[in-house]
Structure formats: C-alpha cells, structure tokens
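Values quoted throughout were computed directly from the atomic coordinates according to the rules given, and no laboratory measurement underlies them. These numbers were taken from a predicted model, which means no experiment stands behind them. Note: ideal-geometry Cβ built from the backbone for every residue, glycine included; neighbour counts use all protein chains shown.
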Amino acid sequence: MLNFSYRNPVKVVFGTGSIAGLGKEVPAGSRVLITYGGGSIRTTGTLDEVKAALSGQTVFEFGGIEPNPSFETMMRALDVVRAENIDFILAVGGGSVMDGSKFLAAAACHDGDAMDILRTRGRCVKQALPLGVVVTLAATGSETNNGGVLTHLATHAKTAFSSPLMFPRFAIMDPAKTLTLPVRQVSNGVVDAFVHVVEQYLTYPVNGKIQDRFAEGILLTLIEEGPKALSQPDDVDVRANLMWAASQALNGLIGAGVPQDWATHMLGHELTAAHGLDHAQTLAIVLPAMLEERREAKRDKLLQYAERVWGIGPTGDGADDDSRISAAIMKTRDFFERMQVPTRLSAYGIGAEAIDHLVSQLEAHGMVKLGERQAVTPDISRRVYEACLQ
Ligand code: NZQ
Ligand code: ZN
C-alpha cells in the first residue's frame, strides 16, 4: 500500500520569452541579489534581459559561482548579502548557481557557523531568504526541488543538503535560453535527468503504478528527444521537452512513496570531488556498472525497465530473463555513449590506482550503506568502481 505526503510549492513560468514576466514574480521594493556563474549569462544577453525585467527594483550582482559550486565562493556571496541588506535572491543559471543560491538563502538567516548547514545536510535550517530562479541549463531539476550540493574545497567534500525552506518561490523556464549551451552541457543534462529517474524507479516494485508510468514516460522522452538535441541543435521544441523532462525527473513527483536508490549519485560525487569530472559524466560511468552489480536485487524492476523502456519483452523463443536484463543495461550504456558521454573511467584518464581513495572518501562521508535497501557497502562500491575501469 502506498503511503506518502507530497508537496511542491514552486510556481513554474514556462516558455519562450518568459523572462519578461520576471518583474511580476519578485515582490515590489525588494533588494535583489542576482547570482550567476562564470559569465555565460553576460555573453548570451540573459543578464541584460533579467535586469530589464527587474527595472524598478534595487538590484545587486554576484557572479563567479563555479560548476560544482563551492562553500568558499558562497561565503563570499554571503558577505554581499549582509553588506547590502539583500532580501531576495535571484539565481540565474544551471544547477550549480541554483544550488549555491539555495545554500546562500539559508546561510543568510542562519545564526552561527554556515558550515552547520552542510554538517546537518540542511536539517538545521529554520529560515531562508526568498529565492527565485531563471533556468539556463536543463539537467538537475534544482529549479523545482529543495535540494542542493556544495563542495567544501578545503576538505574536497561534496555534500548534498535539503530543506523544505529551500524550494524556490518560482522558476522561470525559457527553453530558448538553453540553445547557447555547449554540446557537452546539453549531453550532460540528458544523462543527469535520465539517472535521476532511474535512481527513483529501478529499485523494487511497490505497486506505485503512477510513479512507474510517469518515470517510464520521462525516460522514453529523454531517449527520443536527447539525440535530437545533438542532431537538431536549433530546435527549441526539443529543448522545451528536455527542460520539462529534467524538471519532472527530480521535483519529487515520481519519487513520492517509492523506494529510492541514489548510490550511483553518491559514488559519482566522490569522482567529481577527487577528479573534477562533470556530475553527469560520473553518472554515465557509474550507473551501468551499478546496475550490473545489483542486477539480482533489482531483478523485477530491471525486467520491467527492459520491456517498457527498451522494448525488450519476453520473446517466447528461449531468450531468458538474464539476457533481457543484460540487454537493457547495454542499451543504457549505449544511450549515454550516443549522447557523447563516455561511460568508462579509462576515457577520462582515471585508472585503478584511484579506487582506494574513492572508497575511503565514501567511508569518510558515511556512505557505507547505500541503495534502496542500504545494501551497498564499501566493498560493493569498490567492485562497482572496479567495473567502471574498462
Ligand atoms: O558558469 P557559466 O559561465 O554560466 O557556464 C555554465 C557552466 O560552465 C554553463 N552554462 C549554463 N547555462 C548556459 C551555459 N553556457 C551557455 N549557455 C547557457 N545557457 O554550463 C556549465 C555547467 O553549469 P552547471 O550549473 O554546473 O551545470 P548543471 O546544471 O549540470 O549543474 C551541476 C551541479 O548540480 C548538482 C551537481 O552535483 C553539480 O554540482 N546537482 C544538483 C541537484 C539538485 N539540486 O537537485 C541534483 C543533481 O543530481 C546534481 O547533483
Ligand atoms: Zn544528478
């Protein structure tokens, strides 16, 4: 029997030209801090569009939030929030800018050491500044969820956090804004969204029929539209479907009331922290190996996935269940490779000598009972990393 509560308070304003409506979403008289990344929003003209839409508000800027945003950078942003009495944060960018800004919104209202927010993974958050987001990269779903990930550079720790107070008030989602993305980021977005769905769907059956069918619909859409984003890079309709898919993949809906895995993400975060790989690159490497390692635990759902997502149903001509599972895992790997995201550590110049450190970091971060049944021990994680090598 399903048993859950579900809440998502984010107002979505979706479509080409939606930035023009930004002024209506930010309360009149706010002191707004626009937060952004390394500068793409300057060169693409998005920053000017945002500022034009906010004319009449008092606007400040904080740029330089890096991919895989750091605690250290966000502490500099906190100085600006305090110095300028900021009362509204507007994140304009991809997952990194949105995540960093969620932390900032909470840190601005936190009494004491902002590091507490990471230490408690967000549980200590009692209050946060209001936050709005303008999405320029469809991938993480951060725009419609209440989580984030921050890297503490001093300790190389990449820590996930969440709080009900970190939902953005609104998300402006203009798919045309993603047309300027480098191919690598388009590919990353498709892979990240795909793995978000898999981490909530490929576990064990609990008769969550809506969750399953929605998850399968998102996966099928990503499989259909992802390659088109590479072959038809100017097609804004393709980007629109990808943007909505990425948001739906991690806004809480498909995960409500069903078991969740997230082991692939945790192993991936260590790869990013140690070797600087893009988030989605780590997932493309780890997921096929993780599915292979856990094929017995995930057997029922893998067979469902094979049939409904990849069309590999029982054939009646002798093809057994094991080979259907193998074929589904292979199709998954092939899809990532088709999206131009390599799926083996060797493709990124990482060899077996890296694995001891990765496993010890998992242990140091308490990631010793991962997966939907907490069965992924450090020994199993080691085997998964080893299987990622070639
Ligand atoms: O920094 P700028 O100059 O803006 O360039 C960015 C950045 O270099 C560029 N970019 C973004 N929009 C662009 C653009 N370039 C041209 N045109 C545009 N329209 O893209 C690069 C990557 O941006 P980033 O925000 O780092 O990518 P992504 O959205 O993939 O975010 C990755 C981060 O999100 C975390 C990841 O761990 C990683 O730190 N995640 C957040 C999650 C969440 N909050 O729910 C869940 C995910 O699993 C993930 O862990
Ligand atoms: Zn992810």
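When restricted to residues that are in a helix (DSSP H, G or I), more than 20 Å from HIS156 (Cβ to Cβ) and more than 23 Å from the chain's Cα centre (by Cα), segment 353-390 contains 5.
Across segment 298-349, the qualifying residues are those that are among the basic types (Lys, Arg) and closer than 25 Å to GLN211 by Cα, and the one among them that is surrounded by the most Cβ atoms within 10 Å (Cβ to Cβ) is LYS298. All but one of (1) among the β-branched types (Val, Ile, Thr); (2) surrounded by fewer than 24 Cβ atoms within 10 Å (Cβ to Cβ); (3) in contact (Cβ under 8 Å) with a residue 24 or more places away in the chain hold for ILE210; which doesn't? Only one criterion is unmet by ILE210, namely (3). Residue check: GLU270 meets all listed conditions (1) charged (D, E, K, R); (2) near ligand 1 (Cβ under 10 Å from one of its atoms); (3) closer than 24 Å to THR159 by Cα but one, namely (2).
Taking segment 257-329 as the region of interest, the helices (runs of 4 or more DSSP H) fully inside it that hold 2 or more residues being more than 22 Å from the chain's Cα centre (by Cα), farther than 19 Å from LEU358 by Cα and charged (D, E, K, R) are 299-310. Residues in segment 177-199 that are among the polar types (S, T, N, Q), crowded, with 24+ Cβ neighbours inside 10 Å and out of contact with any Asp or Glu (no Cβ under 6 Å at 6 or more places or on another chain): THR178, SER187.
Scan segment 92-149 for residues that are in a loop (DSSP other than H, G, I, E, B) and either farther than 27 Å from ALA176 by Cα or within 16 Å of ligand 2 (Cβ to nearest atom) (or both) and report the count. Here the count works out to 25. Is there a residue being farther than 23 Å from ASP334 by Cβ, in a loop (DSSP other than H, G, I, E, B), aromatic (Phe, Trp, Tyr) and touching a residue at least 40 places away in the same chain (Cβ under 8 Å) anywhere in segment 194-204? Yes, segment 194-204 has at least one match. Annotation: PRO233 fulfils all but one of (1) within 15 Å of ligand 2 (Cβ to nearest atom); (2) closer than 16 Å to ALA138 by Cβ; (3) not in a helix (DSSP H, G or I); the unmet one is (1).
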